[in-house]
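The values are calculated or read from the model by the stated rules, or taken from the named source; none is laboratory data. As the structure is a prediction and not an experimental result, all values here were calculated from the model. Note that each Cβ is placed from the backbone with ideal geometry, even for glycine, and that neighbours are counted across all protein chains shown. SASA here: full protein model, heavy atoms, side chains in, ligands and nucleic acids out. Shrake-Rupley method; radii C 1.70, N 1.55, O 1.52, S 1.80 Å.
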Amino acid sequence: MTDTITVVDNRTGREYTLPIVDGTIRASDLAQIRAEGDDHGLMAYDPAYLNTASCRSTITFIDGDKGILRYRGYPIEQVAETASFLETAYLLLEGELPTATQLAAWEDDVKYHTYVHTNITKFLSGFRYDAHPMGMLLGAVGALSTFYPDAKDIHDPHSRYVQRVRLMAKVPTIAAFLFRHSRGLPYVFPRNDLGYIGNFVNMTFEIGGKHEPNPVLQRALEILLILHADHEQNCSTSAVRSVGSSQVDPFSAVSAGIAALYGPLHGGANEAVLRMLDEIGDVANVPAFIESVKAGKGRLMGFGHRVYKSYDPRAKLIKRVADDVFEQTGLNPKLKIAVELERIALEDEYFVSRRLYPNVDFYSGLIYQAMGYPTDYFTVLFALGRLPGWIAQWEEMLRDKEQKIARPRQIYVGAAERPFVPLAERG
Ligand code: SDX
């Protein structure tokens, strides 16, 4: 037995033996399979990349059937239990857990880059008061590329490190500023005497020079960011890799990730879950809502996953975080509706047969709301968590000798050649 696959092209009777490596065949190996007159050979066709590996990665491992998620080999449960968010970011970015000295140096580097150019505040003031925070984040992070032209030097490891620090340090500041902009509140500037999470929370919620930090809520937020930090080749990470493959600067590549995450089928789902719970309104309405989903009238937001065909391990951990948060803030009344939705869905053939389980977005929004964040801000918090993953994946793509500019092929099904019709002769 060999790690190969032998195929017979019945159009020509020719036999081909293709190598199997890491459970895959190379799509380019199909090009040798040609019929008469077919000078391109076979291509693989995989809309939405349902069964296509785009890269080799050492960053995150997911087993969708077993509900396993590991960052650089460490189980997510253990990372979330003990690590800080910056420690987790270091692990994703460097590939190893930092020593105390390495962590302290990394924290200092980030701490001393939290200020943004004051023109960013003028940029933000151009948005309407009711602009969606993800639209503002998308614009502001992309704009950072114009303040740091050295970020174009993507082949220089030191420059990549400087941009990584700038992103990790400045995106929370921008996220807090756009929160304040939406409320017509003055910006609260970064404080170096506070930790990463404490500084973000203070820039967001401080009023009149004061914000009493709640350590339980801050740790809960930190765990949520850790749980969102990376998730292999999801839609937004693939966007960062694809845009980054053109060798654009990392700020522009990350802004592409923010744009992808904005969508309701991806990071925007945590916001969509809360709107769904508001629409249901009462536990008594859950059965009717479930029936409407089964009738194809909309989706049960926060349920289902392309990879997890069992319970998303992050959703399990988030439910535990919810208990700690609601102990501090009082129970979010919508929790009862969510729990009833989950109970019914996990017993209902429609969801069971499609292996639909709660994903990371099902409960996270309830927690963010209890912490005082508005619904349209939830995906910004997802982006803050995913940031180190996007950067780590961008760097891995750049260093991967097999990668080049992403440019998929297509199957052309449009019009055959036809003569142009002058305007005067068109019907
Ligand atoms: C995230 O990829 C990642 O890793 C993403 C993420 C990350 O960390 O980066 O985990 C974060 O994006 C989580 C997903 C958040 N999105 C939602 O909660 C939105 C609701 N869920 C979906 O729309 C859906 O489940 C997806 C988008 C998550 C996955 O979609 P797939 O894999 O393309 O599945 P599909 O749309 O082909 O659905 C398969 C079937 C369909 O039914 P049939 O056509 O076979 O009859 O399942 C149904 C779908 O209609 N289905 C749902 C459903 N999700 C899928 N039906 C009702 N409610 C749902 N939520």
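Residues in region 355-375 that are under 16 Å from Arg180 (Cα atoms) and within 16 Å of the ligand (Cβ to nearest atom): Thr375 alone.
Here is a list: Val273, Val293, Val325. Which entry is away from the ligand (no atom under 13 Å from the Cβ), of a type in the set (Val, Ile, Thr) and open to solvent by less than 70 Å² (accessible area, probe 1.4 Å)? Walk me through how you get there before you give the answer.
Working: Val273 fails: away from the ligand (no atom under 13 Å from the Cβ); Val293 fails: away from the ligand (no atom under 13 Å from the Cβ).
Step by step, each of Val273, Val293, Val325 is checked, and only Val325 is away from the ligand (no atom under 13 Å from the Cβ), of a type in the set (Val, Ile, Thr) and open to solvent by less than 70 Å² (accessible area, probe 1.4 Å).
For His113, the conditions (1) assigned to a helix (DSSP H, G or I); (2) surrounded by fewer than 19 Cβ atoms within 10 Å (Cβ to Cβ) are fulfilled apart from (1).
Scanning region 56-105 for residues that are hydrophobic (A, V, I, L, M, F, W, C), crowded, with 17+ Cβ neighbours inside 10 Å and over 26 Å from Leu194 (Cβ atoms) yields Ile59, Ile62, Leu69, Ile76. Of everything listed in (1) within 17 Å of the chain's Cα centre (by Cα); (2) within 11 Å of the ligand (Cβ to nearest atom); (3) over 19 Å from Gly281 (Cβ atoms); (4) hydrophobic (A, V, I, L, M, F, W, C), the single unmet condition for Phe378 is (2). Among the residues of this structure, Leu341 does not count as one that is under 20 Å from the mean Cα position of the chain (by Cα), surrounded by 21 or more Cβ atoms within 10 Å (Cβ to Cβ) and under 26 Å from Ser236 (Cβ atoms). Gly268 meets each of the listed conditions (1) within 9 Å of the ligand (Cβ to nearest atom); (2) free of Cβ contacts under 8 Å to residues at least 40 places away in the same chain apart from (2). Within the set Val307, Val352, the sole residue that is open to solvent by 40 Å² or more (accessible area, probe 1.4 Å), within 12 Å of the ligand (Cβ to nearest atom) and touching a strand residue (DSSP E or B) at 6+ places or on another chain (Cβ under 7 Å) turns out to be Val307.
Could you say whether any residue in region 153-163 is at pLDDT below 95 and open to solvent by 50 Å² or more (accessible area, probe 1.4 Å)?
No, because not a single residue in region 153-163 is at pLDDT below 95 and open to solvent by 50 Å² or more (accessible area, probe 1.4 Å).
When you look at Gly414, is it surrounded by fewer than 10 Cβ atoms within 10 Å (Cβ to Cβ) and small (Gly, Ala, Ser), yes or no? So Gly414 passes the test. On inspection, Arg314 passes the criterion of being within 27 Å of Glu87 (Cα to Cα), buried (at least 19 other Cβ atoms within 10 Å of the Cβ) and within 11 Å of the ligand (Cβ to nearest atom).
Determine whether region 243-255 contains at least one residue that is within 11 Å of the ligand (Cβ to nearest atom) and either in contact with a Ser or Thr (Cβ under 6 Å, 6 or more places away or on another chain) or of a type in the set (A, V, I, L, M) (or both). If you could, list the steps in order and put the result at the bottom.
Restricting attention to region 243-255, the residues satisfying the condition of being within 11 Å of the ligand (Cβ to nearest atom) are none.
No, there is no match, as no residue in region 243-255 is within 11 Å of the ligand (Cβ to nearest atom) and either in contact with a Ser or Thr (Cβ under 6 Å, 6 or more places away or on another chain) or of a type in the set (A, V, I, L, M) (or both).
So that you can scan it fast, the table gives a plain yes or no per residue for (1) assigned to a helix (DSSP H, G or I); (2) over 23 Å from Leu221 (Cβ atoms):
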{"residue": "Phe61", "(1), (2)": "no, yes"}
{"residue": "Glu77", "(1), (2)": "yes, no"}
{"residue": "Thr88", "(1), (2)": "yes, no"}
{"residue": "Leu91", "(1), (2)": "yes, no"}
{"residue": "Pro98", "(1), (2)": "no, no"}
{"residue": "Thr101", "(1), (2)": "yes, yes"}
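On the stretch given as region 256-265, residues that are crowded, with 24+ Cβ neighbours inside 10 Å and within 11 Å of the ligand (Cβ to nearest atom) total 2.
From the list Leu387, Leu346, Leu335, the lone residue that is within 23 Å of Ser238 (Cα to Cα) and either open to solvent by less than 10 Å² (accessible area, probe 1.4 Å) or in contact with a helix residue (DSSP H, G or I) (Cβ under 9 Å, 6 or more places away or on another chain) (or both) is Leu387. Among the residues of region 15-49, what is the count of those that are open to solvent by less than 60 Å² (accessible area, probe 1.4 Å), assigned to a loop (DSSP other than H, G, I, E, B) and not hydrophobic (A, V, I, L, M, F, W, C)? The total comes to 3. Considering region 205-306, the qualifying helices (runs of 4 or more DSSP H), each wholly inside and each with 2 or more residues that are more than 18 Å from Pro374 (Cβ to Cβ), run over 215-227, 235-244, 250-261, 286-294. Cβ-Cβ distances below 8 Å connect the following pairs, each with a first residue in region 123-136 that is under 15 Å from Pro186 (Cα atoms) and among the aliphatic types (A, V, I, L, M), a second residue that is at pLDDT 95 or above and assigned to a helix (DSSP H, G or I), and a separation of six or more residues or different chains: Leu124/Met136; Leu124/Ala140; Leu124/Ile174; Leu124/Phe177; Leu124/Leu178; Leu124/His181.
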